[in-house]
Amino acid sequence: MSDQNPPNAVIAFKNGQSHSLHALHDEYYPALCRMADGLLGDLPVVEDIVTEVFETFQNIKAFLYLSTRNACLNYLRKLQRDSQLKSGLHHYLDSDHEGFVLNEVIREEVLQQIHAAVELLPYQCRQVFKMCYLEGLSNSEVAERFRLSVHTIKNHKVRAIGLLRLKFPAHSSLA
């Protein structure tokens with residue numbers, strides 16, 4: 001997703017539509033929680049921080065990522081005052097986090113595009129792909145669940161990868 005084509009929820013928010021904040025929340029809340037969890041590793045705290053960010057939300061996606069990052073750093077500062085995270089906080093405060101935030105934004109957008117492309121696969125290809133690559137099941141486990149041959153499962157995987165490669169030709173190293 002590029003800044004030139006913002007999600008419908010962002011357009012609706014910019015146009016002042018009241019339901020748009022809920023749509024933005026639904027769209028970005030999971031990605032922001034994953035990013036914040038990478039910093040804090042404490043899911044209940046992460047969820048509180050991201051919820052607080054949405055309560056004060058008045059801008060676009062970059063604001064959400066930066067605000068979530070800043071809220072995480074504020075939390076780490078609080079922990080430092082309590083003498084629980086001195087060395088970890090020092091590392092985060094001394095690092096260049098603009099690059100981190102940009103990488104996280106790009107990573108989440110790419111993951112969203114991949115998940116969207118997977119959802120467009122034919123039903124059985126999609127189910128086989130998800131079970132094998134996302135759930136980590138073996139070909140024989142998937143074959144047993146679908147009551148199909150292992151060979152058929154392999155064919156579905158090859159077809160799914162081929163269709164995804166067509167969607168992402170510059171990233172044809174998908175395996």
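The values are calculated or read from the model by the stated rules, or taken from the named source; none is laboratory data. Since we're looking at a predicted model, the values are computed, not measured. In this analysis, Cβ positions are derived from the backbone assuming ideal geometry, glycine residues included, and neighbour counts consider all displayed protein chains. Just the protein is used for accessible areas: all its heavy atoms, side chains included, with ligands, DNA and RNA removed. Shrake-Rupley method; radii C 1.70, N 1.55, O 1.52, S 1.80 Å.
Being open to solvent by less than 30 Å² (accessible area, probe 1.4 Å), farther than 29 Å from Asp26 by Cα and at pLDDT below 70 is the filter here, so list the residues in region 57-90 that pass it.
Residues satisfying the conditions are Gly88, Leu89.
Taking the condition of being more than 15 Å from the chain's Cα centre (by Cα) and open to solvent by 30 Å² or more (accessible area, probe 1.4 Å), how many residues in region 46-56 meet it?
Going through region 46-56 one residue at a time, the tally reaches 5.
How many residues does region 123-140 contain that are surrounded by 15 or more Cβ atoms within 10 Å (Cβ to Cβ) and charged (D, E, K, R)?
Of the residues in region 123-140, the ones surrounded by 15 or more Cβ atoms within 10 Å (Cβ to Cβ) are 124-133, 137, 139.
Narrowing the set further to residues that are charged (D, E, K, R) leaves 126, 130.
Number of matching residues: 2.
Does Lys167 satisfy the criteria of being at pLDDT below 90, out of contact with any strand residue (DSSP E or B) (no Cβ under 7 Å at 6 or more places or on another chain) and open to solvent by 50 Å² or more (accessible area, probe 1.4 Å)? Lay out the reasoning, then the answer.
On the way: at pLDDT below 90: yes; out of contact with any strand residue (DSSP E or B) (no Cβ under 7 Å at 6 or more places or on another chain): yes; open to solvent by 50 Å² or more (accessible area, probe 1.4 Å): yes.
Answer is yes for this residue.
From Leu148, Leu137, Leu121, grab the single residue that is free of Cβ contacts under 8 Å to residues at least 60 places away in the same chain, over 29 Å from Ala31 (Cα atoms) and assigned to a loop (DSSP other than H, G, I, E, B).
Values: Leu137 fails: over 29 Å from Ala31 (Cα atoms); Leu121 fails: over 29 Å from Ala31 (Cα atoms).
Step by step, each of Leu148, Leu137, Leu121 is checked, and only Leu148 is free of Cβ contacts under 8 Å to residues at least 60 places away in the same chain, over 29 Å from Ala31 (Cα atoms) and assigned to a loop (DSSP other than H, G, I, E, B).
Spot the failing condition for Glu108; the list is (1) modelled with pLDDT under 80; (2) within 30 Å of Leu76 (Cβ to Cβ), and only one is missed.
Of everything listed in (1) modelled with pLDDT under 80; (2) within 30 Å of Leu76 (Cβ to Cβ), Glu108 misses just condition (1).
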